[in-house]
Amino acid sequence: MTTPTTSEPRVKLRLHPLVPRLLRVVDVQTLAPAMRRIVLSGDDLAQPFPFEPLAASDHVKVVFPEIESGEIHLPTVADDRLVMPEGRPRPIFRDYTVRSYDAAARRLTLDFVLHDHGVAGRWAQNAALGDPLGVLGPRGSHLYPADFENYLIAGDETALPAMARWIEELPSGARAEVFISIAHQIERIALADRPGINVTYLDRLAHGPAVLMETVQKFVRPEGDLFVWVAGEAAAIKPIRRHVRDVLEIPAEHVDIDGYWKQGIAGLDHHEQDDDD
Ligand SMILES: Cc1cc2nc3c(=O)[nH]c(=O)nc-3n(C[C@H](O)[C@H](O)[C@H](O)COP(=O)(O)OP(=O)(O)OC[C@H]3O[C@@H](n4cnc5c(N)ncnc54)[C@H](O)[C@@H]3O)c2cc1C
């Protein structure tokens, strides 16, 4: 297998029509003390929902009920752009990974980290069968390359749904190191067991808050080409981004590192982050 040239874009973007959907909770499962699986369904899934293989970072914008009214008012779409509902407060959006989609059963699965600090974390703690939830997108899919010999996949709990997809969707024969930072051992969830894919849970309580960065710093770049995907708390992944660029010297085209949330910031827009540092 040859190493692709650095100028070749290795992650392809496929755009999808923007579709707002009002869905309802049809199943709730506890995956770990601080992780809940929410399965959504509804007639609005009659319009095809995009679900691409090896597009592990695919995400929807979830629209939560208004604080005051408790109602969900979805934006509409005109000329492929979102139009906010007139005379209503701006809808509360948060990004959530498409963990899976069952087209035959029209069931969309999202996995939520539970926490008390924000609308989404609290909504998921209390979600019950029949609860409504708005969903926009996915707007586009990053189609990751399937032809690398090695993959380095790392992140915290918010990236766990995407990492679970990487583990399931990598082609057979690919080698991957997957480093998952969790608050405590009890937050481990069961993941697919596939040859060539090594999964290591990193317990922050036992090893400290910087354990993900320290582990990536000890990672020895393997022979052959390497694709790197990392997501998690924005400040925590900055030194990882620098390490991947400056020490591992992985070309930018072979790297996707994204801040999924930021301490102290509500509703972080991950598109507005500074990729440089
Ligand atoms: C592409 C993408 C995919 C994502 N996929 C998932 C996913 O599948 N599952 C998932 O759980 N999250 C996912 N996230 C992260 C999620 O969107 C954020 O955690 C979001 O901020 C949660 O919204 P909130 O309303 O609970 O908190 P916000 O209102 O955004 O923030 C309020 C406060 O809570 C803090 N906070 C936010 N998230 C957390 C957290 N996880 N733990 C502790 N404190 C937090 C903030 O720092 C802030 O101080 C994804 C993010 C992106 C960009």
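What strands (runs of 3 or more DSSP E) lie completely within the stretch 14-84 and have 3 or more residues being within 12 Å of the ligand (Cβ to nearest atom)? Let's see the steps before the verdict.
Details: elements: 20-32, 35-41, 59-64, 76-78, 81-83.
Because the criterion is at least 3 residues that are within 12 Å of the ligand (Cβ to nearest atom), the strands (runs of 3 or more DSSP E) in the stretch 14-84 that meet it are 35-41, 59-64.
Residue 228 is checked against (1) open to solvent by 20 Å² or more (accessible area, probe 1.4 Å); (2) at pLDDT 95 or above; (3) away from the ligand (no atom under 16 Å from the Cβ); (4) not hydroxyl-bearing (Ser, Thr, Tyr) and fails just one. What number does that condition carry?
Condition not satisfied by residue 228: (1).
Would you confirm, using the coordinates I've provided, whether residue 194 is modelled with pLDDT of 95 or more and assigned to a loop (DSSP other than H, G, I, E, B)?
Yes; evaluated as a whole, the condition is true for this residue.
For the stretch 77-113, enumerate the residues that are surrounded by fewer than 17 Cβ atoms within 10 Å (Cβ to Cβ), β-branched (Val, Ile, Thr) and touching a residue at least 12 places away in the same chain (Cβ under 8 Å).
Scanning the stretch 77-113 gives a single hit, 77.
Given the residues 259, 264, which is the only one that is within 12 Å of the ligand (Cβ to nearest atom) and free of Cβ contacts under 8 Å to residues at least 12 places away in the same chain?
Details: 259 fails: free of Cβ contacts under 8 Å to residues at least 12 places away in the same chain.
When all the criteria are applied, what remains is 264.
Anything in the stretch 123-149 that is among the polar types (S, T, N, Q) and open to solvent by less than 10 Å² (accessible area, probe 1.4 Å)? List them, or say none.
141
Between 6, 30, 2, which is over 12 Å from residue 135 (Cβ atoms), modelled with pLDDT of 95 or more, surrounded by fewer than 17 Cβ atoms within 10 Å (Cβ to Cβ) and of a type in the set (Ser, Thr, Tyr)? Reasoning before the result, please.
Working: 6 fails: modelled with pLDDT of 95 or more; 2 fails: modelled with pLDDT of 95 or more.
After ruling out the rest, the residue left standing is 30.
List every residue pair whose Cβ atoms sit under 7 Å apart, with the two residues 6 or more apart in sequence or on different chains, where the first one lies in the stretch 232-248 and is within 26 Å of residue 112 (Cα to Cα) and in the same structural domain as residue 259 (by TED's automatic domain parsing) and the second, anywhere, is open to solvent by 10 Å² or more (accessible area, probe 1.4 Å) and more than 16 Å from the ligand (Cβ to nearest atom).
236/213; 238/277; 239/213; 240/213
Taking the stretch 231-250 on its own, how many of its residues are on the phi < 0 side of the Ramachandran plot and open to solvent by 30 Å² or more (accessible area, probe 1.4 Å)? Lay out the reasoning, then the answer.
So in the stretch 231-250, the residues on the phi < 0 side of the Ramachandran plot come out as 231, 233-248, 250.
Still in the list and also open to solvent by 30 Å² or more (accessible area, probe 1.4 Å): 235-236, 238-239, 242, 245-247.
Number of matching residues: 8.
Return yes or no: is residue 195 open to solvent by 20 Å² or more (accessible area, probe 1.4 Å), farther than 27 Å from residue 60 by Cα and touching a residue at least 24 places away in the same chain (Cβ under 8 Å)?
Numbers: open to solvent by 20 Å² or more (accessible area, probe 1.4 Å): yes; farther than 27 Å from residue 60 by Cα: yes; touching a residue at least 24 places away in the same chain (Cβ under 8 Å): no.
No, not satisfied.
The values are calculated or read from the model by the stated rules, or taken from the named source; none is laboratory data. None of these values were measured; they are calculated from a predicted model. Don't worry about glycine lacking a Cβ; one is built from the backbone with ideal geometry, like all the others, and counts go over all protein chains shown. For the accessible areas, the whole protein counts, side chains as well, though only heavy atoms, and no ligand, DNA or RNA atoms are used. Shrake-Rupley method; radii C 1.70, N 1.55, O 1.52, S 1.80 Å.
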